[in-house]
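Just so it is clear, none of the values below were taken in a lab; they were calculated from the coordinates. Note that this is a predicted model, so its numbers are computed, not measured. In this analysis, Cβ positions are derived from the backbone assuming ideal geometry, glycine residues included, and neighbour counts consider all displayed protein chains.
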Amino acid sequence: MKQDLFSLKGKVCVVTGGNQGIGETVAAYIADAGADIAIFDLNDGTPVAEKIAAEYGVRAKAYTCNVTDPENVKECIEKAAADFGTLDLLFNNAGICLHKPALDCEKNDWAKVIDVNLNGVFYVAQAFAQYLVANHKKGNIVNTASMSATIVNIPQGQASYNASKAAVVHLTKSLAVEWVEKGIRVNCISPGYIKTAITGNSNPEWQKLWIESIPYKRMGVPEELAGAVIYLLSDAATYTSGCDIIIDGCFTVV
C-alpha cells in the first residue's frame, strides 16, 4: 500500500458520549489510529481522557457538554479547538434509549429521547461544521444511528428511540448533500445489539430473545464498531458520504 489510508495521525477527533460504552471504546481505537481525542460528555470524562493519553501517546482532554444545549455545544467546540489548535473529525455518538410502550409514552419521555438522539446530533454536527467552514477546513463526521432505524425491535416498546434513529440516518444523508461542496463528509453507523452496560441491564428475557434472533447468536461488542468508524473518518473513504453502515450480525437481513 502506497500509504496508510486508515491513519488518523495528526488529526483531532471530537467524540460525544465518550465517557462510557461505545464512545469510550471507539475513542480508544481512534486514538490508536493516531488522532488526538476531545471527549464530550454530560459526565466528567477526565479519567477516560487520561487513560487514552497514557495508553496511546496522544493528546486527550474531556469537556462537560450537554448536547441538547446548542450554546453549550458551541462553547465546547470553541474551547476544544483552542486547546488542540484545530478540529478535524467528529464521532457524533451521544444517545439514550427508553424502553416504554408508545401508549404509555408521555410528552417528556418522547421529548427527552428526541432531544438527545436527534437534536443533539444536529447541534454538534452543526457547530462542528460551522467551525470547519469558518476556518476554511475540510472534515469528516460519523453519526451513530442504529439498526432500529431500519427495523422495529421486539418485544420491547421503544418507538421514540426507533423514530429518533431513523431521523439520524436521514439527517446524515441530508447533511452529506448540503455540505459536500464544503469538503465535509457525513456518514453514520447503525449498530445492532451491542454488549454494553445499557443492554446488559435490560430484561434478561428480552436479551435471550434478542440473541436467539441474531444469526451470529451473540451480541456484538463495541470493539467491532471501531473499524467502520475509522474507515469513514479516514482518507480511505474520500468518495463515501451519506452512507449508513449497518453492523448488526445479520439481524436486519433475515
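For this structure, a couple of remarks:
- Taken over region 134-147, the criterion of being assigned to a helix (DSSP H, G or I) and in contact with a Gly (Cβ under 9 Å, 6 or more places away or on another chain) is satisfied by M147 alone.
- Filtering region 148-199 to residues that are assigned to a helix (DSSP H, G or I), among the hydrophobic types (A, V, I, L, M, F, W, C) and in contact with a Lys or Arg (Cβ under 9 Å, 6 or more places away or on another chain) leaves A149, A159, A176, W179.
- Filtering I230, I246 for residues that are within 16 Å of L89 (Cα to Cα), among the β-branched types (V, I, T), in contact (Cβ under 8 Å) with a residue 40 or more places away in the chain and not in a loop (DSSP other than H, G, I, E, B) leaves a single hit, I230.
- For region 183-193, a residue qualifies if it is of a type outside the set (S, T, Y) and either surrounded by 19 or more Cβ atoms within 10 Å (Cβ to Cβ) or touching a Phe, Trp or Tyr at 6+ places or on another chain (Cβ under 6 Å) (or both), and the qualifying residues are I184, R185, V186, N187, C188, I189, P191, G192.
- Checking each residue in region 194-223 for being under 29 Å from A125 (Cβ atoms) and crowded, with 18+ Cβ neighbours inside 10 Å picks out I194, T196, M219, G220, P222.
- Within region 244-254, being surrounded by 13 or more Cβ atoms within 10 Å (Cβ to Cβ) and over 14 Å from the mean Cα position of the chain (by Cα) holds for D248, G249, F251, T252.
- Check on D32, over 24 Å from A129 (Cβ atoms), surrounded by fewer than 16 Cβ atoms within 10 Å (Cβ to Cβ) and more than 14 Å from the chain's Cα centre (by Cα): no
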